[in-house]
Amino acid sequence: MSACSPLPAGPDVVDPAPDTFVLPFNRLRPGFDPEQLPRFRDLAWRLALISLKESNRSLVIDWSRCPAGLRPGLMRAAFAELNIPTPAVLLQQRAARSTSQPGTLRHNFQIWIRFASWLDGRGIAELSQVTTGDLEAYAEHLRPLGRRWRTDAKALWVISRLWAYAPYLPESDRLVMPPWEDPAAVMSDFLGTNDDTPNGENSVAIVHPAVMAPLLVWALRTVLDLSPDILAAAREHRRLLAAIPDRAPLGGTETTVTYLRGLLATGEKLPASGAPGATAVRARFGGALPPMANTFLAAILGVTTSQVARARGILSDELTPTDFGPAPLLDVPLTARIGAARWREQIGFDDVDVLVLHLSTAALICCAYLSGMRPEEVLALRRGCCTRVEREDGTVRFEVRGRHFKGVLDEDGNAIGEGEERADPWIVLEPVARAIAVVEDLEVGEQLFTRTLYRYAKGTCMPRTGLSSDTAVERIRAFTAWANQLATAHDRPHELIPSDPDGAVTLRRFRRTIAWFIYRQPGGRIALAVQYGHAATAMSESYAHPRELHQTGEKSQVASSWGRLHGLRGYYELAS
């Protein structure tokens with residue numbers, strides 16, 4: 001253990017006081033709230049406060065799930081992991097190096113908690129009581145759980161981190177050297193033969209062609225055809241919201257009462273609210289009267305929503321359900337069509353938030369799928385990232401520049417959370433450039449894909465706006481349901497998006513899927529190596545290796561699906 005990195009200035013042994021801040025100050029994200037900083041005594045540590053990646057969630061580690069006897073020791077080890085440079089013994093193993101990112105730290109601490117629960121079941125109350133035999137038994141405990149061999153191997157390497165930090169911990173917290181760390185040992189001695197990824201095949205399931213084809217069709221249609229109507233509605237929506245004053249004007253409530261009584265006197269209906277939130281509140285709490293379009297009325301009258309609500313309260317005894325009409329519509333002409341028919345007749349004021357969200361999701365699908373970017377790369381794209389390049393031969397191509405994160409390490413071998421600028425741009429099709437331009441029109445900040453785009457989701461618990469991969473999954477699910485509603489309404493059963501047999505459609509599956517498609521085209525192997533930036537085509541082959549499809553007729557399905565991708569065969573030609 002003499003090879004470990006030297007201790008930082010301070011005591012020789014990690015034993016924080018209860019009120020000690022656990023997160024290193026030099027890694028805190030700008031604009032953090034000091035009240036949110038966890039102290040050692042807290043059972044919930046919010047790790048995302050040390051991340052510069054805007055797509056991270058709160059990433060809380062819950063120490064209450066750890067057995068009480070082993071909890072103080074693991075918390076001290078976690079404090080050491082957060083505040084002491086990675087021990088050199090770990091830097092010698094690439095698989096155990098990049099752990100400074102909060103998502104990885106949370107994952108590792110959760111593995112420690114599961115390990116502690118197993119130890120607690122054996123009557124072990126301190127890490128120093130663990131023997132080599134106990135560690136061998138834990139490896140045997142993992143084998144029958146049915147997980148991938150690589151997953152179990154990583155779990156054991158994470159346990160090794162407890163041993164690596166042992167010199168910095170009190171004697172009661174010092175774990176014996178795991179037997180798999182013996183130089184003469186190999187992991188298969190403890191977990192059996194690694195047979196879960198034969199021939200180096202990538203294990204991420206592709207999105208089934210019968211799902212990917214109509215999903216991409218609807219994403220492209222939304223970006224290329226429907227976006228002008230949605231963007232026009234969004235601009236009108238923003239104009240109306242901007243008219244709502246920050247402070248209540250004098251006489252605003254009386255003005256609203258007069259206006260509402262004037263509508264009723266002329267036989268007009270009061271505008272009801274069709275917003276999902278207002279509808280959900282009424283469904284939960286009941287009420288004789290429909291919810292009123294408070295925000296819309298505030299915008300057109302120049303008053304606050306509170307004044308509209310008070311005006312409704314003044315009139316409540318005079319109103320009946322028949323006094324309310326439909327939700328207000330925006331004065332925006334629609335021109336887009338699906339087939340021969342207009343895609344919809346009008347857009348309501350309360351429809352805009354959801355339509356904007358679907359448009360952003362469609363752009364995300366186009367960008368993630370047609371570029372081959374990793375999830376964290378596409379979610380980190382910024383305004384101005386796409387450039388149109390006219391080449392000397394008269395051809396045009398589109399370059400996207402951004403950050404990448406995989407394998408980006410500092411001199412100590414720790415992952416750099418904010419990544420670094422990718423040396424080479426991604427070469428993309430024009431639909432990707434169009435998708436980026438659409439999102440730049442939707443968003444007001446530098447980040448292209450945010451969680452705060454939706455008007456009712458702007459109250460976030462942390463000063464960040466980045467979209468997470470988990471939230472992206474939910475948005476793709478909602479977009480799929482919306483696209484299927486349009487397919488049904490326009491009698492296009494061939495464009496219905498079925499459920500994927502491998503589960504939720506995630507961003508990481510897009511990269512695998514486009515590789516699977518491209519690999520099967522002439523020149524596809526070279527195209528993958530160029531577009532994905534791999535030094536060897538062997539890596540591309542692992543991404544594109546076919547997995548058995550869940551339905552029969554694989555060749556005809558693939559050919560049909562590829563033919564339906566709006567003529568995007570040129571993608572792999574452009575990449576090569």
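The values are calculated or read from the model by the stated rules, or taken from the named source; none is laboratory data. Because the structure is a prediction, the values reported are computed rather than measured. Don't worry about glycine lacking a Cβ; one is built from the backbone with ideal geometry, like all the others, and counts go over all protein chains shown. Note: accessible area is taken over every heavy atom of the protein model, side chains too, but ligands, DNA and RNA are not part of it. Shrake-Rupley method; radii C 1.70, N 1.55, O 1.52, S 1.80 Å.
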Test set (1) in contact with a strand residue (DSSP E or B) (Cβ under 6 Å, 6 or more places away or on another chain); (2) under 20 Å from residue 429 (Cβ atoms); (3) not polar (S, T, N, Q) - residue 380 fails condition number:
(2)
Here is a list of conditions, (1) touching a Ser or Thr at 6+ places or on another chain (Cβ under 9 Å); (2) farther than 21 Å from residue 479 by Cβ; (3) open to solvent by 10 Å² or more (accessible area, probe 1.4 Å); (4) of a type outside the set (Ser, Thr, Tyr), and residue 313 meets all of them except one; can you say which number that is?
(1)
What residue, among those in region 318-333 that are closer than 13 Å to residue 260 by Cβ and assigned to a helix (DSSP H, G or I), is most open to solvent (accessible area, probe 1.4 Å)?
318
Any idea which of (1) buried (at least 16 other Cβ atoms within 10 Å of the Cβ); (2) more than 36 Å from the chain's Cα centre (by Cα) is the one residue 237 doesn't satisfy?
(2)
Out of the residues in region 141-198 that are of a type in the set (A, V, I, L, M) and more than 34 Å from the chain's Cα centre (by Cα), state the one that is farthest from residue 104 (Cα to Cα).
184
Selection from region 61-75 of residues that are among the basic types (Lys, Arg) and either within 13 Å of residue 42 (Cβ to Cβ) or surrounded by 22 or more Cβ atoms within 10 Å (Cβ to Cβ) (or both):
71
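In region 127-176, which residues are assigned to a helix (DSSP H, G or I) and of a type in the set (D, E, K, R)?
Answer for region 127-176, where residues must be assigned to a helix (DSSP H, G or I) and of a type in the set (D, E, K, R): 134, 136, 140, 143, 150, 152, 154, 161, 171, 173.
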Looking only at helices (runs of 4 or more DSSP H) that fall completely inside region 7-121, which ones have 2 or more residues that are at pLDDT below 75, in contact with a Cys (Cβ under 7 Å, 6 or more places away or on another chain) and of a type in the set (Phe, Trp, Tyr)?
none
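One line per residue, one yes/no per condition, for (1) touching a Cys at 6+ places or on another chain (Cβ under 8 Å); (2) open to solvent by less than 30 Å² (accessible area, probe 1.4 Å); (3) more than 17 Å from residue 86 (Cα to Cα); (4) of a type in the set (Phe, Trp, Tyr):
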residue	(1), (2), (3), (4)
133	no, no, yes, no
139	no, yes, yes, no
148	no, no, yes, no
159	no, yes, no, no
178	no, yes, yes, no
Residue that is aliphatic (A, V, I, L, M), at pLDDT below 90 and either on the phi < 0 side of the Ramachandran plot or assigned to a helix (DSSP H, G or I) (or both), where the choices are 514, 497
514
